[in-house]
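The block underneath contains the structure these notes are about, expressed in structure tokens.
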């Protein structure tokens, strides 16, 4: 982090340092960071966090659109209505470039989230970009990006789903994803259920199912999972390694000695 701050304008750690960790050539070409064993791991984690955030945003959107009591099929239709009438293959072909000529990750996820299109379409595109990166990343970056292999909703899982459905309508594929998410939510809630002293069952979920109908008890958050970069930056500042001046972070003399 100290080296990134010394070479880039950093106002917010999570936003500015996070982008350098995820995208571009800096980690691999800088004389300091290319020798840091943790650097490729950070890159993989930072890239995976976009996919994790996409699922959180999609789930939050779905829960928000459960009004009263509705079926999963009705919820799936509401999701599909936000998507264009195209095939999965056409959808994948419309994604932005994800890799530079040097092999470095391009900030496709940032471009997509800055687009003026419905949230479901934006975040589905982010998931598809993550699935594409499975074949583009290598080594420790790829290992950190994939994490635990073979899990539901992971980048490899998304990639298989999209590949199998290339000729199918995007909206139909999206409907199946909604069914997958709802079913997964119910499984997780049941696995974490607890019996209250009065004998009733407590389920740790905001979306409930009763007799085939869904209803919500509150909204879901849609913020990204934190990488704790702000906390790390604060620790470094407390130790006298970083200093904030005129809305920007800089490296102190002590910090420069660490990366010399």
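Rule-based calculations on the coordinates, nothing more; no lab input. Since the structure is predicted, the reported quantities are computational estimates derived from the model, not experimental observations. Here the Cβ positions follow ideal geometry from the backbone for every residue, glycine too, while neighbour counts run over all protein chains shown.
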Problem set entry | Cα gyration tensor shape for segment 120-260, rounded if a/c is under 1.5, else prolate or oblate | oblate
For this session: Quote the relative contact order of segment 44-154 in percent (integer), defining contacts as alpha-carbon pairs under 8 Å separated by 6+ residues.
Result: 43
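Sorted by average packing, counted as other Cβ atoms within 10 angstrom per residue and highest first, what order do 191-200, 167-176 take?
Packing order, densest peptide first, comes out as 167-176, 191-200.
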Seminar exercise, completed: Length-normalised contact order of the chain, Cα under 8 Å, at least 6 apart, in percent, tallies to 31
Exercise. In whole Å, how far is the Cα centre of segment 238-260 from that of segment 140-218?
Worked result: 43
Problem set entry | Gained length - residue 208 relative to residue 149, 0.36 nm times residue gap less alpha-carbon distance | 18.4 nm
For this session: Compute the normalised compactness of segment 186-260: alpha-carbon radius of gyration over 2.2 N^0.38 Å, N being the residue count.
Result: 2.05
Exercise. What is the percent of Cα-Cα separations in segment 86-163 that go past 16 Å?
Worked result: 52
Exercise. For the Cα atoms of the chain, what angle does the longest principal axis make with the long axis of helix 119-133, in degrees from 0 to 90, nearest 10?
Worked result: 60
Exercise. At 222 nm, what helix-only mean residue ellipticity would the chain give, in deg cm²/dmol to the nearest 500, using -39500 (n - 2.57) for each DSSP H run of four or more?
Worked result: -15500 deg cm²/dmol
For this session: Determine, for 181, 69, the number of other Cβ atoms within 10 Å of each Cβ, and report the residues in order from fewest to most.
Result: 69, 181
For this session: Would you list the P(r) distribution for the chain, with all Cα-Cα distances sorted into 10 Å bins from 0 and each bin expressed as a whole %?
Result: 6, 26, 29, 21, 13, 4, 0
Seminar exercise, completed: Of 26-33, 100-107, ordering from highest average Cβ density within 10 Å down gives 26-33, 100-107
Seminar exercise, completed: So the FRET efficiency between residue 179 and residue 31, C-beta based with R0 = 51 Å and rounded to 0.05, is 0.50
Exercise. Expressed in nm², what is the orientationally averaged projection area of the convex hull enclosing the Cα positions of segment 50-131?
Worked result: 6.0
